[in-house]
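Undergrad: Below you will find the structure I want to go over with you.
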Amino acid sequence: KSTVAIVGRPNVGKSTIFNRLVGERISIVEDTPGVTRDRIYADAEWLNHTFHVIDTGGIELGDEPLLVQMRAQAEIAIEESDVIIFMVNGRDGITAADEEVSKLLFKSNKPVVLAVNKVDNPEMRESIYEFYSLGFGDPYPISGSHGLGLGDLLDETITHFPDLPEEVEDDETIRFSVIGRPNVGKSSLINSLLGQERVIVSDIAGTTRDAVDTSFTRDDQDFVIIDTAGMRKRGKVYESTEKYSVMRALKAIERSDVVLALIDADTGIQEQDKKIAGYAHEAGKSVVIVVNKWDTIDKDETSIKEFEDEVRSAFRYLDYAPIVFLSAKTKKRIHTLLPAVVQASENHAKRVSTNLLNEVIVDALAMNPSPSIKGQTLKIFYSTQVAVKPPTFVVFVNDPNLMHFTYERFLENRIREAFGFVGTPIHIIARKRT
Ligand code: GDP
């Protein structure tokens, strides 16, 4: 997928446009902590193209001066995107800050589409002409608050998308990424995995423009570790900003089948851990929770059980994720990791037979009759699996509004238990039988 970044000095209306572009596509999943609020990175769609959009204005750098902020945002846009939407304010004319940003964009050699925002009515269209002098060709008048002009702007934007090679969908290979707070041991874990005997690292290649993936083989199974960190420019001021690293993590998660959510046993579970793991859940990926630095814990027979309880209550929405305890440093128990990844990946792609599925639903109904709301009873006629990665089931009913989420959850658990969907989320969609 191509990536579009929106750049411009503060208050030109970047976030308004971002929200318009990705609008309804951001779904809020309840009980996943803090995932969808405050997003700077999301998918949008125009004329059969789906693409990523980055709102660089959402990347803040603490107290850095404005100029530093703008420069960092422009650099992120240049590094991460295929096309840049450069946004200015039609009411202000060209400002010194606009000129600063254009200099950086010029040097990048990336395609730039110039959007003149706050052109709320036709009379104001005169104001766009002076922006020709910025040197980015035709300015596109838009109005974020009224939603005007976006069609023309996007038509122009998509003409600049490169012909990206389709990422080869090879069902034999298991693609996974490692996410977690700084210092939980992501790099150490990857190094330990790759340094293991019986692991053959076949190549380390830049398979996409902005990630360095590593492939290896273990017991005839091919794996690819998808790079999350984008370490190439370590030390740059924006590398340390949380939203930027979140964005990199989201990009990696999206390309993964399985996501390893790393926790540091030494520091214990923290708020940020929940948030980060929530991204994987929300993306519908299989998840393995990895408790690293297990060597630092004084263990007795109950310590695993205790920590497990803690993890379960902190990550309620990940009740399907297996928990693996290990030490990346001493390599103790590290052999338990890949089997869990393989299992989670197989379940993510699993299809179940329609007959068996309906038997399970009939049994579930017998065990726990469907609810009534205001005298109306939910009737379930028939169910079928419509997708994998994650497994998705459509349940045909008399009225989807009668499917209470607690009942949906009950059906989900029955399906999960009956077919052993360990590691993967599953989705249930109630649809009216026509
Ligand atoms: P990252 O930021 O998540 O990639 O974390 P690193 O892999 O750089 O590790 C951060 C620190 O934790 C380093 O000092 C590691 O040596 C240490 N560390 C990583 N794994 C373990 C472990 O299993 N046990 C202990 N005791 N320390 C670890």
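FYI, it's all coordinate maths here, none of it is from the lab. All values reported here derive from a predicted model rather than from experimental measurement. Glycine gets a Cβ as well: all are built from the backbone with ideal geometry, and neighbour counts include every protein chain shown.
Undergrad: Would you please put 268-281, 6-19, 115-128 in order of how densely packed they are, using the mean number of other Cβ atoms within 10 angstrom per residue and starting with the highest?
TA: Averaged packing, sorted descending, gives the order 6-19, 268-281, 115-128.
Undergrad: Compute the separation of the alpha-carbon centres of region 41-74 and region 132-158 and state it in Å as a whole number.
TA: After rounding, the separation between the Cα centres reads 17 Å.
Undergrad: What does the extension gain come out to for K379 and D222, with contour length at 0.36 nm per residue minus their alpha carbon separation?
TA: 52.1 nm
Undergrad: State to the nearest 20 debye the size of the charge dipole of region 300-366 about its Cα centre, where the only charges are +1 on K and R beta carbons and -1 on D and E beta carbons.
TA: 460
Undergrad: Which one of F421, F176, F51 has the biggest mean-square fluctuation once the chain is modelled by GNM with Cα springs under 10 Å?
TA: F51
Undergrad: Using Cα-Cα distances under 8 Å and only pairs 6 or more residues apart, what relative contact order does the chain have, in percent?
TA: It rounds to 11 percent for the chain.
Undergrad: Students often check this: by mean Cβ neighbours within 10 Å, which of 333-341, 217-225 ranks highest, and how do the rest follow?
TA: 333-341, 217-225
Undergrad: Output the antiparallel fraction of DSSP beta bridges having both residues in the chain, as a percent to the nearest 5.
TA: Numbers: 27 of 68 bridges.
Bridges in the chain are about 40 percent antiparallel.
Undergrad: When the chain is treated as a GNM, springs tying every alpha-carbon pair under 10 Å, which of E346, E308, E130 comes out with the largest mean-square fluctuation?
TA: Looking only at E346, E308, E130, the biggest GNM fluctuation is shown by E130.
Undergrad: Right, here's the next one. Among D152, D300, D309, which one shows the highest mean-square fluctuation when the chain is modelled as a Gaussian network with alpha-carbon springs under 10 Å?
TA: D300
Undergrad: Hey, if you put +1 on the Cβ of every Lys and Arg and -1 on every Asp and Glu Cβ in region 306-434, which of Y320, V352, T406 ends up farthest toward the positive end of that dipole?
TA: V352
Undergrad: At 222 nm, what value in deg cm²/dmol follows for the chain if DSSP H runs of at least 4 each add -39500 (n - 2.57) and the sum is divided by all its residues, to the nearest 500?
TA: Computed ellipticity for the chain at 222 nm equals -9500 deg cm²/dmol.
Undergrad: A further question on this structure: Looking at this model, which pairs from K1/K285; K285/K374; K103/K285 are more than 30 angstrom apart at the alpha-carbon?
TA: K285/K374; K103/K285
Undergrad: So if I take the centroid of the Cα atoms in region 248-266 and the same for region 286-353, what is the distance between those two points in Å?
TA: Region 248-266 and region 286-353 have Cα centres separated by 13 Å.
Undergrad: Run through the DSSP bridge list for region 3-159 and note the antiparallel percent, rounded to the nearest 5.
TA: Close to 30 percent.
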